[in-house]
1. Residues of the range 14-55 being in a helix (DSSP H, G or I), away from the ligand (no atom under 16 Å from the Cβ) and not acidic (Asp, Glu), which ones?
2. Any residue in the range 8-26 that is of a type outside the set (Gly, Ala, Ser), closer than 30 Å to Leu147 by Cβ, touching a residue at least 60 places away in the same chain (Cβ under 8 Å) and open to solvent by less than 30 Å² (accessible area, probe 1.4 Å)?
3. Would you mind finding the one in Ser217, Ser202, Ser224 that is under 25 Å from Gln13 (Cα atoms), open to solvent by 40 Å² or more (accessible area, probe 1.4 Å), within 16 Å of the ligand (Cβ to nearest atom) and at pLDDT 95 or above?
4. Could you pull out every one of the helices (runs of 4 or more DSSP H) wholly within the range 147-234 that has 2 or more residues that are within 21 Å of Val21 (Cβ to Cβ), in contact (Cβ under 8 Å) with a residue 24 or more places away in the chain and more than 17 Å from the chain's Cα centre (by Cα)?
5. Among (1) assigned to a helix (DSSP H, G or I); (2) closer than 25 Å to Ala47 by Cα, which single condition is Ile105 missing?
6. Would a scan of the range 124-134 turn up a residue that is surrounded by fewer than 16 Cβ atoms within 10 Å (Cβ to Cβ), under 18 Å from the mean Cα position of the chain (by Cα) and at pLDDT below 95?
7. Hey, does the range 56-69 have a residue that's within 24 Å of Leu174 (Cα to Cα), away from the ligand (no atom under 16 Å from the Cβ) and over 16 Å from the mean Cα position of the chain (by Cα)?
Amino acid sequence: MTTIGSKLQQLRQRIAAACDVHGRPSGSVRLLAVSKTFDDQAVRDAAAAGQQAFGENYIQEGVEKILLLRDLPLEWHMIGPIQSNKTRAVAQHFDWVHTIDRVKIAQRLSEQRPPELPPLQVCLQVNIDGGVNKSGVPPEEALALALACAALPRLVVRGLMVIPEPADEPEAQLRPLLQARALFEQLRSRGEACLARMDTLSMGMTADLEAAIQAGSTLVRVGSAIFGVRPRAD
Ligand SMILES: *Cc1c(COP(=O)(O)O)cnc(C)c1O
């Protein structure tokens, strides 16, 4: 087995163990393999080990990989910030976008989604801990953004995504993750059908995977635990 294959296997065990400890069904947490800065061969190795969903942060790098890997049935998630003049490439090549934080970006993605493709699956990025200079809509604006996105014909609102400030202590990790969970449940239980259908809470990375699963994450985005330390900082 390749190194990536055995790391993936270990990671799946780590996810399953966390589900077990926190009384969650195994299979209730999806794994998104974050392949940013790694080449197409790394993605092939992960795909050969059974991984299907991949996340990219940089549009150009992501599109290049998507085109090189068209022979594989992969699902591609955009998890980095999107400038409004770069939406077309995202709408044309990705299956999911986790970083919607403005109606304008959502409108452009909906308009530019090619008719032959299924609607774009989106998560709204929420700045859950109010970090300055951080992407994401403030929690109190999430409802309005969700309703505006749900009204767009070529988007499906799947849920929320958060990137809390890094913290070492499990308790400090847990606090913003629990706030994200509470916001997710609050939006889902309001009575609007388009919000009741949300099924994705995208949170948890290599360092806070267990806390995220404890708090109710349904999709963890993991890079370095699979592919190793990234060649460049970001
Ligand atoms: C890089 C990145 C990840 C993965 O981080 P690791 O620490 O390598 O697991 C997850 N989410 C986002 C938004 C990222 O940019």
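The values are calculated or read from the model by the stated rules, or taken from the named source; none is laboratory data. Owing to the predicted nature of the structure, the values given are computational and were not obtained by experimental measurement. Because the Cβ atoms are built from the backbone with ideal geometry, glycine has one as well, and the counts that use them run over all protein chains shown. Note: areas computed on protein heavy atoms with side chains; ligands, DNA, RNA excluded. Shrake-Rupley method; radii C 1.70, N 1.55, O 1.52, S 1.80 Å.
1. The answer is Ala16, Ala17, Cys19, Val21, Gln41, Arg44, Ala47, Ala48.
2. Checked against the condition, which is being of a type outside the set (Gly, Ala, Ser), closer than 30 Å to Leu147 by Cβ, touching a residue at least 60 places away in the same chain (Cβ under 8 Å) and open to solvent by less than 30 Å² (accessible area, probe 1.4 Å), the range 8-26 yields no hits at all.
3. The match here is Ser224.
4. Here the list reads 170-188.
5. (2)
6. Yes, the conditions are met somewhere in the range 124-134.
7. Taking the range 56-69 first, the residues within 24 Å of Leu174 (Cα to Cα) are none.
Checking the range 56-69: not a single residue is within 24 Å of Leu174 (Cα to Cα), away from the ligand (no atom under 16 Å from the Cβ) and over 16 Å from the mean Cα position of the chain (by Cα).
Residue-wise test of (1) at pLDDT 95 or above; (2) surrounded by 14 or more Cβ atoms within 10 Å (Cβ to Cβ).
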| position | (1), (2) |
| --- | --- |
| Pro153 | yes, no |
| Glu169 | no, no |
| Ala172 | yes, yes |
| Leu195 | yes, yes |
